[in-house]
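All remarks here apply to the structure that follows.
The values are calculated or read from the model by the stated rules, or taken from the named source; none is laboratory data. What you see is a predicted model; the values in this text were computed from it and never measured. Reconstructed Cβ throughout: ideal geometry from the backbone, glycine too, with neighbour counts over all protein chains shown. Remember, those area values only see protein heavy atoms, side chains included, never the ligands or the DNA or RNA. Shrake-Rupley method; radii C 1.70, N 1.55, O 1.52, S 1.80 Å.
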Amino acid sequence: MGLLRVMMPPKLQLLALLAFAVAMFFLENQIQKLEESRGKLERAIARHEVREIEQRHTQDGLRERDPSAWSLSDNEDDIVIIYNRVPKTASTSFTNIAYDLCGKNHYHVLHINTTKNNPVMSIQDQVRFVKNVTEWREMKPAFYHGHVSFLDFTKFGVKRKPIYINVIRDPIERLVSYYYFLRFGDDYRPGLRRRKQGDKKTFDECVSAGGSDCAPEKLWLQIPFFCGHYSECWNVGSHWALEQAKYNLVNEYMLVGVTEELEDFVMMLEAALPRFFKGATDLYKTGKKSHLRKTSEKKPPTKESIAKLQQSAIWKMENEFYEFALEQFQFVRAHAVREKDGELYLLAQNFFYEKIYPKN
């Protein structure tokens, strides 16, 4: 071979090297394609094996159970969602999507109407509510909504807990919206007389005068709603309540969205719970807009009013909880959604099963 290199002209040596390089590149490319084909084949075989196993388990289950007492749709039809909505977080806008879809998707929507909108239930009402939610089969599948603080179903010994979802909002924006809502209402029921109707004082004037309706204590709402039915949850400025609210958000709620990114929240719910929310994204974007609701006569607060509220320890805690919820929502969204050409789209399934044994 050495003698051959000496006898070959330099140009032929260069051509031979190029030909060898091209041949190696071609071989590597073919090997890569074969590896990709092998991977696709393995995934296809794995999916086929999973389907066979699922079919065998289904058939075994049908043989073991009384067919008259069980069907394939039992699990889906037993789902209960609880949306313990925080006031002025676009809760009515979102709930109306559920009302628009319930007939088409075949589930029930129930409003939890508490006396004087009290978010804390008595112990006897807690027992009644848990019993209704878990045993009222005629109303399943169900979407419950109302201004009620979080209720831990495990304390009552239930085996199947409901799915909790919620939406929260920037605490100052929520308070401003609520302030004007009490005075001017909204475009949803414009003829209804509100509690503070006739009071023309702006939010800025209220803050400047140190009024009670715009006091920092009024910011304390989202934390206790997530904290629940413990006395400490409703002690304004409680650090224990803040930590409990964070714990419940990540451990007891399937998904918590933010008002400012409601469309993304709706899209992810449709992907995760199509039994309830199939068609929700299109309805939100292009529907008859029955879900839209706006507070009337709302004036944005000045920087001075915002700065005054932000000096309070209560705002700092409520804002910490909001930022915590926002970060969690954005984390979930980053692993579920991508943006392309200004449009959001959901990621396809990104896992599969393989090496499933035994084979028979």
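Let me have the relative contact order for the stretch 73-170, percent, based on Cα pairs under 8 Å that are six or more residues apart. Relative contact order, the stretch 73-170: 52 percent. When each of the peptides 303-310, 109-116, 96-103 is scored by how many other beta carbons lie within 10 Å of its residues on average, the order from highest to lowest is 96-103, 303-310, 109-116. Note on residue 168: accessible area is roughly 0 Å² with a 1.4 Å probe, heavy atoms of protein only. Tell me, rounded to the nearest percent, the portion of alpha carbon pairs in the stretch 304-355 spaced more than 17 Å apart. Of all Cα-Cα pairs in the stretch 304-355, 62 percent lie more than 17 Å apart. Normalising the average separation of contacting C-alpha pairs (under 8 angstrom, six or more residues apart) by the number of residues puts the relative contact order of the stretch 201-360 at 26 percent.
Let me know the shape class of the stretch 67-179, please: from the alpha-carbon gyration tensor, a ≥ b ≥ c as square roots of the eigenvalues, rounded when a/c is under 1.5, otherwise prolate if a/b is greater than b/c, or oblate. Oblate is the answer for the stretch 67-179, as a/c is 1.5 or above yet b/c matches or exceeds a/b. For residue 235 and residue 75, a Förster radius of 41 Å and the Cβ-Cβ distance give a FRET efficiency of 0.55, rounded to the nearest 0.05. With every protein chain left in place, what is the accessible area of residue 77 in Å² (1.4 Å probe, nearest 10)? Surface accessible to solvent at residue 77 totals approximately 50 Å². Working ranking of peptides 178-184, 25-31 by packing, defined as the average number of other Cβ atoms within 10 Å per residue, highest first, is 178-184, 25-31. With a simple spin-label model that places each label point 7 Å from the Cα along the Cα-to-Cβ direction, the separation between residue 128 and residue 33 comes to 7.2 nm. Taking other residues whose beta carbon is less than 13 angstrom from the beta carbon of residue 320, and scoring Lys, Arg as +1 and Asp, Glu as -1, yields -3.
Straightening the chain between residue 261 and residue 114 buys 50.1 nm, computed as 0.36 nm per residue apart minus the Cα-Cα spacing.
The heavy atoms of residue 247 present about 120 square angstrom of accessible area, all protein chains included, probe 1.4 Å.
The order of 299, 88 by accessible area, most exposed first and with a 1.4 Å probe, is 299, 88.
Straight-distance candidates among the lysines for linking to residue 159, with alpha-carbon spacing under 22 Å and chain neighbours fewer than 8 residues away dropped: 131, 140. Label positions at residue 199 and residue 14, each projected 7 Å from the Cα along the C-beta direction, are separated by 8.9 nm.
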